[in-house]
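See below for the structure under consideration.
Every number here is computed from the coordinates shown, using simple stated rules; none is lab data. Just so it is clear, the model here is predicted, and its values are computed rather than measured. Neighbour counts run over all protein chains shown; Cβ positions are idealised from the backbone, glycine included.
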Amino acid sequence: MQRERDAERASAAAARLLAAGRPAGDLLRDQGRLGEVLAVRDPDGTLRAWLVPVLVDDLMAGYFRAEADLSDWRWSSFQRRPDTLTGCPPAALWLDRETIRQRALSLARPGEIATEPRLGYDRVPDRLAWIVRLATAAGEVRDICVAGAAVWPAGPADAPLDSTDGGRRG
């Protein structure tokens, strides 16, 4: 019940920010709409943050992100410039769970099956990604990260980020 109220509060706060055109800009204020509020979870399942996508037609223009307590709001944009949607990915790459699961399966080994994607991050909270666990009948598991068009094996929690590839491996 509390989680539903917090998701509603996150949506209302994001709607106010979008209506004000801050920081998303006039194009998104006029044409954007909010997508489903998504919970971002730590590896142990604890709620870490809220993500509120901003969509225009079938494109994801960006998203608002707030900490679990609805503090520290941030804006991330896929737009190259605020007056155009150039550079914005198809929303399905970021939001459609079956599309995301299929993207993860592109790295599957023979016999691996994919679980339902969960929104989390790869090693540090700022590296937002959908996490898809691939498992074998023998019980071997590994996590695959999917963020838009990028797909990579999740790194160990204690591994340093590789600055030459943005930390994305694979």
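Could you work out how much longer the chain between A137 and R3 gets when fully extended? Use 0.36 nm per residue separation minus the Cα distance between them, nm to one decimal.
Result for the pair: 44.8 nm of gain on full extension.
Explain nothing, just the number: relative contact order of the chain, from Cα pairs under 8 Å at least 6 residues apart, as a whole percent.
Relative CO of the chain lands at 13 percent.
Can you tell me the relative contact order of region 76-121? Whole percent, Cα pairs under 8 Å, sequence separation 6 or more.
It rounds to 22 percent for region 76-121.
Sort 106-117, 16-27, 125-136 by the packing proxy (mean of other Cβ within 10 Å over each peptide's residues), most packed first.
Order by mean packing, descending: 125-136, 16-27, 106-117.
Can you give the charge dipole size of the chain about its Cα centre, rounded to the nearest 20 debye, using +1 on the beta carbon of Lys and Arg and -1 on the beta carbon of Asp and Glu?
140 debye
Multiply the residue separation of R29 and A150 by 0.36 nm, subtract the distance between their alpha-carbon atoms, and state the gained length in nm to one decimal.
Length difference between fully extended and current span is 40.8 nm.
With label points built 7 Å along Cα→Cβ from the Cα atoms of L47 and R80, find their separation and express it in nm.
Roughly 3.9 nm, to one decimal.
Go ahead and run the numbers for FRET between E36 and R109, Cβ-Cβ distance against an R0 of 35 Å, rounding to 0.05.
0.65
Report, to the nearest 10°, how far helix 2-19 tilts away from the longest principal axis of the Cα atoms in the chain, using its own Cα long axis and a range of 0 to 90°.
Between helix and principal axis, roughly 50 degrees.
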